[in-house]
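Quick notes on the structure that follows.
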Amino acid sequence: MSKKPEDQRLEAAYKDMLARVNHALKDFEQITWPKLQKSITEAKETSTKVSELTHKEADIIGHSLEKDFLSAGKVLKRAGVAIKDWAEFDWEVAEEQLMRGFLSVADKTELAWLRLQQGLPPELEYHAGEITALGKLECICCGEVIDFNKISTIPPCPKCHKTTFVRSTQL
């Protein structure tokens, strides 16, 4: 099944925004949630200024980035896994540029990731049609796990065709 050109464009925009966030955070020893949010906001603004995205598209992708960062921190805490070990395991099949982007943010310190989790909602929901980074999403209706090995647009559940997911705790 080939991807729609619009999905491909938005997935590329996600990668570009992630690279901008990574660049903005590269000089910080510790990453706090406000710093991460600020860098995502700046990446959204840049994307709209250079006419890559509409304001609505930038907001949607920025929200997806926030969810992916928060979900990563939450899964790590729940699984009791060191971020470096998780990143190496889960990113082996990743595209080189994306891997460097997330790892450079993640390697700042594991404590910084734990700080990101303050005030997290019980579960962060993902919906079909949104864009997500690498990892596994679990259908909240039937439990089917979908493995994403690159930035992708989330499809409906292949088993029950429902459209709501949470990050899977499976590594």
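Every read-out reported here was derived from the displayed coordinates using simple, explicitly stated rules and does not represent laboratory data. Remember, predicted model here, so these are calculated numbers, not experimental data. For neighbour counting, all protein chains shown are included, and Cβ atoms are generated from backbone atoms with ideal geometry for every residue, glycine included.
With respect to the cross-link table entries Lys136/Lys159; Lys15/Lys159; Lys35/Lys162; Lys15/Lys49, which display a Cα-Cα separation exceeding 26 Å?
Lys15/Lys159; Lys35/Lys162
Taking amide H positions as placed in the peptide plane 1.01 Å from N, state which residues far from Glu144 in sequence (5 or more) or on other chains have amide H under 5 Å from it.
It is Cys139, by chain and number.
Loop-only chymotrypsin sites (Phe, Trp or Tyr not before Pro) in region 1-73, please: DSSP not H, G, I, E or B, and at most 15 other Cβ atoms within 10 Å.
For chymotrypsin sites (Phe, Trp or Tyr not before Pro) across region 1-73 that sit outside H, G, I, E and B with at most 15 neighbouring Cβ atoms in 10 Å, the list reads Phe28.
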